[in-house]
Each structure stands twice: as structure tokens, then as C-alpha cells.
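In what follows, a single structure is set out as C-alpha cells and then discussed.
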Amino acid sequence: MRGRGRQHTDTRAGPLMPPMPCGFVKKNWLWDANDLCPAVELSPDRSEVYFHTDPVSESVGTAAVRGEAGFLQGEHFWEVEFLEPPSGLSVMVGVGTSRAALSAGSFQYLNLLGRDADSWGLCYKGRIWHSGSSSTYTEPLYEEGTLIGVHLDMGDGTLTFYKDRQSLGVAFTGLHKVQLPLFPMASSTSPGTELALRLRCCALPSLEERCLSTLARNLTRKDSADLLPLPAVVKWKLKSWKN
């Protein structure tokens with residue numbers, strides 16, 4: 001372990017750039033400190049997460065952390081760096097709704113992201129998980145310093161993972177049907193797992209998104225969208241819109 005609580009810096013040469021070459025702007029969301037399980041600690045600036053740090057009990061199960069930002073619309077990209085080589089049964093990166101569990105029962109070591117229908121995850125062993133089912137997606141990811149990129153496109157409903165800024169292909173589809181905000185997540189079963197948020201960005205809003213945002217801000221109640229002379233699909237988007 002490099003030293004829990006000490007900030008690490010990204011020393012790779014060159015500027016951090018998203019795999020999407022243009023049209024994206026940086027975001028600065030962090031790990032959520034308001035809903036942590038006991039097996040998780042955050043760095044002072046909440047950009048790094050440390051799992052199972054108790055030197056006596058070490059790991060007593062599976063723990064997860066959630067990002068403070070949830071995404072219902074738009075296109076989003078973020079990176080998670082392995083500050084230590086991943087090990088144990090499972091270290092995962094992915095997304096989940098607010099209903100996704102942040103821990104498993106005592107001494108339950110499992111792939112927590114994707115255990116049910118509320119989360120989608122990639123395990124460092126190269127398998128993707130959702131609704132309790134898994135499939136082979138990529139080669140295992142064993143190296144310290146590996147950057148796992150996550151590209152969530154709520155317009156297309158797709159989730160794509162990257163390794164060191166090289167696309168691994170679409171992992172999941174149909175996420176636009178969830179109709180709940182999806183939050184960045186990470187989980188681990190292994191003592192001393194250390195992960196760091198790196199680049200976080202999102203696509204500039206489209207004209208449609210700007211119009212929906214303006215309309216939503218001026219509605220007194222969400223259900224008043226039904227009174228507007230708009231197509232049904234636009235009314236649904238407006239009622240689910242979060243500014």
C-alpha cells in the first residue's frame with residue numbers, strides 16, 4: 001500500500017485529454033462522503049478511495065463507493081486509476097442507481113456491481129456484470145497505474161469502458177430505459193485497494209437539452225408538463241429532467 005491518506009499525483013506525460021476529441025468540458029464531481037460504509041475511507045479531497053483499511057480485520061466482505069453526481073441525461077466520461085495492482089476476488093468500476101448496494105453481508109466476497117438490476121460493472125478480471133449474470137469482455141487488468149475510462153451515453157443508452165484511453169467496446173446497452181439517475185461506482189473485496197478519480201468530463205448540452213433545461217426551470221410542478229402542447233416523448237423527458 002502506498003500510504004493511505006497521502007495524496008497521489010498523476011505523473012503521466014502530456015495533458016489529460018478525453019478519448020472524445022472535442023465537445024466535452026471538464027467536471028469536478030467527487031466520491032460521495034455522505035453515504036459511506038465502514039470499510040471505505042476517502043482522501044481529504046475525496047478524489048481517492050481506500051477499501052478495507054483496518055489492519056486487524058482487513059477485509060470482511062465487499063464494499064462500494066458512489067460518486068456524488070448522478071446522470072439522467074447527456075454524455076459523460078470519467079477515469080479511475082488503480083493506485084495499487086488490483087487483487088482478490090473482485091475490484092470493479094461501473095455505474096449504479098441510488099438503490100445499488102454499497103456493501104454485501106459479512107464475509108460475502110462477490111462482484112457487487114452488477115449483482116442485481118440496479119448496477120453495471122467491470123471486474124479487473126475482465127468480466128462485465130449486470131443482473132447477476134456475467135460475460136467475458138476484455139483481458140484481465142492487473143497493472144498498477146491502469147486507467148479505466150467509463151463512457152456513459154444516456155442518449156444512446158450505452159456504457160463503454162476504456163483501458164488507458166483505448167476503447168474496449170460497448171459493454172452494456174439499454175441504460176436509457178432505466179429512468180433513474182446513474183452514479184459512478186467502484187467496489188472491492190481486497191484489503192488495501194486504492195483507486196483515484198482522474199479525468200471527469202461531459203459533452204456540451206445539445207439544443208434539445210438546453211431547451212428542456214429552460215422549460216424545466218420554469219415549470220411550477222413536473223406534472224404541469226402534461227398541459228403543454230408537446231409530443232408525448234418530450235413531455236416524458238421534461239418530467240424526468242433534472243437541472
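The values are calculated or read from the model by the stated rules, or taken from the named source; none is laboratory data. On a predicted model such as this, the values are computed, not experimentally measured, just so you know. Here the Cβ is made from the backbone with ideal geometry for all residues, glycine too, and neighbour counts use every protein chain on show. The area values use the complete protein model at the heavy-atom level, side chains included, leaving out ligands, DNA and RNA. Shrake-Rupley method; radii C 1.70, N 1.55, O 1.52, S 1.80 Å.
Here are the numbers for the structure shown:
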item: log₁₀ of I(q)/I(0) at q = 0.13, 0.15, 0.18, 0.22 Å⁻¹ - segment 184-243, Debye sum with one point per alpha carbon; result: -0.53, -0.60, -0.69, -0.87
item: Selected from PHE183, PHE107, PHE82 as most flexible by GNM, with the chain as the system and alpha-carbon contacts under 10 Å; result: PHE107
item: Average Cα contact separation per residue, the chain, under 8 Å, 6 or more apart, as relative contact order %; result: 26
item: Accessible surface of the chain [probe 1.4 Å, protein heavy atoms]: carbon and sulfur percent; result: 53
item: Accessible area per residue, Å², the chain with all protein chains present, probe 1.4 Å; result: 48
item: Stokes-Einstein D (µm²/s) once Rh is taken as the Kirkwood radius of segment 61-172 over alpha-carbon pairs, at 4 °C in 1.567 mPa s; result: 91
item: Above-threshold pairs, the threshold being 28 Å between Cα atoms, out of LYS163/LYS239; LYS26/LYS235; LYS26/LYS163; LYS163/LYS237; LYS26/LYS177; result: LYS163/LYS239; LYS26/LYS235; LYS163/LYS237
item: Dmax and Rg, reported as Rg then Dmax, of segment 106-228 (C-alpha, Å); result: 17.8, 55
item: Cα-based Rg of the chain normalised by 2.2 N^0.38 Å, two decimals; result: 1.04
item: Residues LYS239 and ASP35, FRET efficiency given R0 of 35 Å [Cβ-Cβ distance, rounded to 0.05]; result: 0.85
item: Where GluC sites (Glu not before Pro) in DSSP loops with at most 13 other Cβ within 10 Å are excluded, longest remaining stretch of the chain; result: 145-243
item: Order of exposure, largest accessible area first, which applies to ARG165, ARG115 with probe 1.4 Å; result: ARG115, ARG165
item: Rounded to 10°, Cα long-axis angle of helix 207-218 versus longest principal axis of the chain; result: 80
item: Charge dipole (debye, nearest 20) of the chain; +1 at Cβ of Lys and Arg, -1 at Cβ of Asp and Glu; result: 740
item: Efficiency of FRET from Cβ geometry, TYR142 and SER106, R₀ 41 Å, rounded to 0.05; result: 0.90
item: R0 of 51 Å, Cβ-Cβ distance LEU207-GLU84: FRET efficiency to nearest 0.05; result: 0.70
item: Distance from segment 161-237 to segment 62-125 (C-alpha centre basis), Å; result: 17
item: Cα→Cβ-extended label distance, 7 Å offset, between LEU180 and ASP116, nm; result: 0.8
